[in-house]
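Engineer: Structure provided below as structure tokens; questions to follow.
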Amino acid sequence: MKYILTTAALASLFSAPALAQDRTFECTMNEACRQNGGGCVAENIPYNFTLNAETGAGEMEQREGNFFDGAAHESDGAMHFLFINSAGIEVGTITDTGRIIYTGNMALGDSLIHYRLNGTCVETTGSAGGGSSK
Amino acid sequence: MTRVGGIIGGLALGMGALPAMADAVPLLCLFTTDCAGQDGACLPATFTIEIAPIDHEAGLWFTYDGITAPVRDVTPEDAATRTFLTLGHADREAVTVFDTGEAIHIRQYYQPGRGPAQHTAFGQCEVL
């Protein structure tokens, strides 16, 4: 009986889909354009992302400790991610060159505003404190 | 629960949501590219995007400039804006439409070896 159970367990293990791997990125936004029509200024804002294109799940840690849930999607070597709520949408793209663009379209009072952050990222997947498998 | 971050997302949330724009489609939107703060690859232009069903396909689609891309209305309940997002498209595009019809189009894409790029256009939508 013990042998049968072990075989069944192994069969189950091998037939299971591969574990989806989170990818983690530590990013620094070094430019922020907060006005329609530019208005770009230098910044130094830390963001951390945990993205999983296989599960479609994404998490953003903004300003060291504020966490937000979103969605992730990969195409042509770029990782796209998305955060939505009742005020609007934020969309970002990280590429394998380590650069990130992060944009928001938001309702603010009776106005619709747009902002853009540019920065650089280091992928920390698999490093201490970095990615984990789900 | 989905939350929005960003540099001023929290502030926007604190202002209270406005009534969402009517659910009506199709929408026809006229946009002008905003090249301020962009690199030389940004070319000023005016273009239209129609957000509508198309023949023989399910769902909503962006149609503009020879491009037809499937989109999803990702607007949550009680939203102050309507947002349409491309699906399964190499680029990531979104159109956000405010109650007044004011709209923003963004497109992010990958330039191999150069990194991400983004184009922004501001405009106005109306129900067809």
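Engineer: Going by how many other Cβ atoms sit within 10 Å of their own, how do B:119, B:105 line up, fewest first? If you can, show how the numbers build up before the last one.
Structural biologist: Working: B:119 20, B:105 26.
With the sparsest Cβ surroundings first, the list reads B:119, B:105.
Engineer: Next question. How compact is region A:21-123 by the rule of thumb for globular proteins, expressed as Cα Rg over 2.2 N^0.38 Å? It would help to have the intermediate numbers written out before the result.
Structural biologist: Numbers: Rg = 13.3 Å, N = 103, 2.2 N^0.38 = 12.8 Å.
For region A:21-123, the normalised Cα radius of gyration comes out at 1.04.
Engineer: Enter the mean number of other protein chain beta carbons within 10 Å of the beta carbon of each residue in A:115-125, as an integer.
Structural biologist: Working: counts 5, 6, 2, 4, 0, 1, 0, 0, 0, 0, 0.
Average neighbour count from other chains, rounded to a whole number: 2.
Engineer: Continuing with the same structure: Using alpha carbons only, what's the Rg to Rh ratio of region B:32-128 with Rh from Kirkwood? Show your work: numbers first, answer last.
Structural biologist: Details: Rg = 13.9 Å, Rh = 14.4 Å.
My calculation of the ratio gives 0.97.
Engineer: Right, another one. In Å, what is the Rg of the alpha-carbon atoms in region A:20-79, and how long is Dmax?
Structural biologist: Taking only Cα atoms of region A:20-79, I get Rg and Dmax of 13.5, 40 Å.
Engineer: Explain nothing, just compute: Karplus ³J(HN,Hα) = 6.51 cos²θ - 1.76 cosθ + 1.60, θ = phi - 60°, for every residue of region B:103-118 in order, whole Hz, x for Gly and Pro.
Structural biologist: Working through the residues one at a time gives 9, 10, 10, 10, 9, 10, 8, 9, 9, x, x, 10, x, x, 10, 9 Hz.
Engineer: How high is the relative contact order of region A:21-123, given as a whole-number percent (alpha carbon pairs under 8 Å, six or more residues apart)?
Structural biologist: Working: 256 pairs, mean separation 26.9, N = 103.
Relative contact order of region A:21-123: 26 percent.
A short reminder: the numbers here are calculations on the coordinates, not readings from a lab. Every value quoted in this text rests on a predicted model; they were computed, and no experiment measured them. As a convention, Cβ positions derive from the backbone with ideal geometry for all residues, glycine included, and neighbour counts pool all protein chains shown.
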